[in-house]
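Structure first, then comments.
The values are calculated or read from the model by the stated rules, or taken from the named source; none is laboratory data. Since the structure is predicted, the reported quantities are computational estimates derived from the model, not experimental observations. Because the Cβ atoms are built from the backbone with ideal geometry, glycine has one as well, and the counts that use them run over all protein chains shown.
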Amino acid sequence: MKKVVILAAEGCVLSTIASPMDMLLQAGVMWNVTMGKRPDPAFEVKIVTTDGQPIMALNQFPVVPACAMHDIEDVDLIIIPSQGFVFDLQSEAHIARVDWLRKWSKNGADLASVCTGAFTLAATGLLDGKSATTHWAMARQVKKTYPDVKLRTDLMVTDEGNLFCGGGITADLNLSLYLIRKFCGREIALQSARCTMADLDRISQAPFSVFVPEKNHSDRGILKAQDWIEANYQKSVSLNELAAKAGVSLRQFNRRFKSATGETGIKYLQLVRIEAAKIALINTDQSFEDISRNAGYENVSFFRRVFKSNTSVTPVVYRQKFSQI
């Protein structure tokens, strides 16, 4: 039986403690009971805190741990829940948790984070040069805080051998199923998925993401170009024209645009157009042909491919999933 510890901290998201715990504890149990077989639990799960004292979750619900983290003598897997969107990376408690995680990783334990738990995992330095994911809305902050991490917010789960990350809050289910498959095999993971009615193979968070342009920079010329793109994306856009508006050469423009926004000018335009198409798909009954042309693409087939490559779903599926009409 694998020993799992969930490292809870003040202000964490309750569901990212409870859901992995419930999901792991039912592995080998719920299916067996349903099928009239003897339960064969695959995991033992404990909740711990830094000092062994209860903490208050984000929703003001108290979480009572089994013990302090330093009381743990043996563990195979440590799960770091989501810290929500407000947390202190300089606090003594956070630093103590990071040191403890480093120690157990060195001793052979696997580490897994859910959503913004990735900040704590990244703080260990173990993710430097490796792939990780978190909630798409926190991508910019992760890149700024931990630039050596290869962030993949298009993925629901990342796997670096002994380091795992789950994307948004509900990705705790996807991560839990992935870990069950990793530790117990696909058959038990499928049994768990069927019993809990969770999707074993949901691997992308791209359909849920929203493009939020980076404008927290001081390059006025690039800000002017960004504003022009967002106001005129329906038109034919020339990088030479944008460079002229920014008052620089094309080479300088490309370098400064990438430095300021994190995207090339072409990719930025593409993302603005895709976001406009998403809004139209959700809020109107326009055909995708009309939406494409309104977004600046005469070649509808090409834009359909661009849309799918960025969202992981077709325009039809996107409308079905999110339509408000």
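Summary table
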read-out: Some residue of region 34-43 being under 21 Å from Cys165 (Cβ atoms) and either free of Cβ contacts under 8 Å to residues at least 60 places away in the same chain or among the β-branched types (Val, Ile, Thr) (or both); value: no
read-out: From Asp51, Asp88, residue being modelled with pLDDT under 95 and either acidic (Asp, Glu) or within 28 Å of the chain's Cα centre (by Cα) (or both); value: Asp88
read-out: Test: residue in region 261-269 that is more than 21 Å from the chain's Cα centre (by Cα), small (Gly, Ala, Ser) and not assigned by TED's automatic domain parsing to the domain that holds Ala139; value: yes
read-out: Residue match in region 268-276 (condition: free of Cβ contacts under 8 Å to residues at least 40 places away in the same chain and under 21 Å from Gln234 (Cα atoms)); value: no
read-out: Only one of Asp99, Asp76, Asp110 that is assigned by TED's automatic domain parsing to the domain that holds Cys184, out of contact with any Asp or Glu (no Cβ under 7 Å at 6 or more places or on another chain) and among the acidic types (Asp, Glu); value: Asp99
